[in-house]
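Reviewing the structure listed below.
The values are calculated or read from the model by the stated rules, or taken from the named source; none is laboratory data. These numbers come from a predicted model, not from an experiment. Cβ sites come from the backbone with ideal geometry, for glycine too, and all protein chains shown count toward neighbours. Remember, those area values only see protein heavy atoms, side chains included, never the ligands or the DNA or RNA. Shrake-Rupley method; radii C 1.70, N 1.55, O 1.52, S 1.80 Å.
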Amino acid sequence: LANLMLGDDIQNLGILLFADDYATSLRDVVAGVYEEAGATITYGNAGDEFQTDAANFESIVQDVLATNPDGILVIAFDQTKAIIPALVGAGFPSDKLYLTDGNTADYSADFEAGTMTGAQGTIPGANPSDEFKALLDEVHGEALDSYAYGAESYDATILVALAALKGGGTDGQTVADNLAAVSGANGGSECTGFAECAELIEAGEDIIYQSVSGVGPFNEDNDPSSAYVGVYEYGDDNVQMWVEAVFGEV
């Protein structure tokens with residue numbers, strides 16, 4: 001997210017965020033990247049957070065605009081529906097707005113057309129194939145509004161099932177102890193889906209699960225060692241459209 005904004009030459013960034021561990025930890029990472037790049041956080045540093053039950057954002061918007069930011073990052077959930085109109089109504093350009101995770105959402109039913117034009121946001125996770133999206137739609141019974149985390153949720157379920165199979169138990173410790181192995185941390189035969197991978201496990205082979213999300217084998221901390229973050233841009237209809245996926249490794 002920070003690299004996206006720096007790449008857009010946002011050298012002086014204002015951040016509107018609520019007082020929550022999720023928001024502040026994300027802010028801290030963005031701020032760290034900005035500091036390392038010699039750029040500036042004009043607003044949104046420690047002490048600038050708003051409370052999660054805040055309802056009126058006019059004064060907060062004026063506070064951030066008074067610092068003359070090149071761009072503004074909004075880290076919030078439902079509060080975003082009040083913050084964005086206040087920012088745009090105050091004359092801040094929509095193509096200098098940035099969102100992330102839970103608020104990179106469809107606002108077509110919330111805002112007037114053109115409110116979000118050019119705004120960008122990031123959502124951790126891959127943009128799954130059309131084939132996989134069709135499978136999700138089929139299970140859901142109708143077309144989904146968003147496929148965010150769909151691939152990751154699928155992979156998590158398959159990995160848990162494979163870990164239980166490999167370890168011979170469904171208790172949490174057994175699953176945890178075998179997640180790295182079925183993810184491919186120990187090498188082995190590549191496989192896709194539960195049936196194919198289960199057959200190899202039952203034959204006594206090590207496997208490398210080929211994830212739908214593109215997440216790589218687990219590392220020594222039992223976390224995925226690589227993943228994708230999707231970049232989205234808003235059109236005149238206030239709907240976010242996938243632009244690209246950025247790959248990262250730990």
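A compact table of results
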{"item": "Surface share of carbon and sulfur [accessible, 1.4 angstrom probe, percent] for segment 21-145", "result": "47"}
{"item": "Net charge of neighbours whose Cβ lies under 15 Å from the Cβ of Val61, counting Lys and Arg as +1 and Asp and Glu as -1", "result": "-2"}
{"item": "Cut-off under 5 Å, modelled amide H: who pairs with Ala119 long-range", "result": "Tyr234"}
{"item": "For the chain: relative contact order, % (alpha-carbon pairs under 8 angstrom, 6 or more apart)", "result": "17"}
{"item": "Residue-averaged [θ]222 nm for the chain, counting only DSSP H segments that reach four residues, each worth -39500 (n - 2.57)", "result": "-11000 deg cm²/dmol"}
{"item": "Separation in nanometres of the label points that stand 7 Å from Cα toward Cβ, at Val246 and Asp223", "result": "1.7"}
{"item": "Relative contact order, percent, segment 111-250 [alpha-carbon distance under 8 Å, six or more residues apart]", "result": "30"}
{"item": "Dimensions (Å) - segment 1-87, Cα atoms, principal axes, largest first", "result": "34, 25, 20"}
{"item": "Segment Asp206-Asp28, length gained on full extension (0.36 nm per residue, minus Cα span)", "result": "60.1 nm"}
{"item": "In segment 157-250, the GluC sites (Glu not before Pro) that fall in loop regions by DSSP, at most 14 other Cβ within 10 Å", "result": "Glu205, Glu220"}
{"item": "Debye intensity ratio in log₁₀ form over the Cα atoms of segment 176-226, taken at each q of 0.16, 0.17, 0.26 Å⁻¹", "result": "-0.39, -0.44, -0.97"}
{"item": "Accessible solvent surface per residue of segment 113-250, calculated while the other protein chains remain in place, 1.4 angstrom probe, Å²", "result": "53"}
{"item": "Cα lying deepest toward the dipole's positive end in the chain, options Gly38, Pro128, Ser94, charges on Cβ", "result": "Gly38"}
{"item": "Length-normalised contact order for segment 27-93 - Cα pairs under 8 Å, 6+ apart - percent", "result": "31"}
{"item": "Calculated P(r) tail over 13 Å for segment 208-250, as whole % of Cα pairs", "result": "63"}
{"item": "Environment charge of Ala2, counting only residues whose C-beta is closer than 12 Å and scoring Lys/Arg +1, Asp/Glu -1", "result": "-3"}
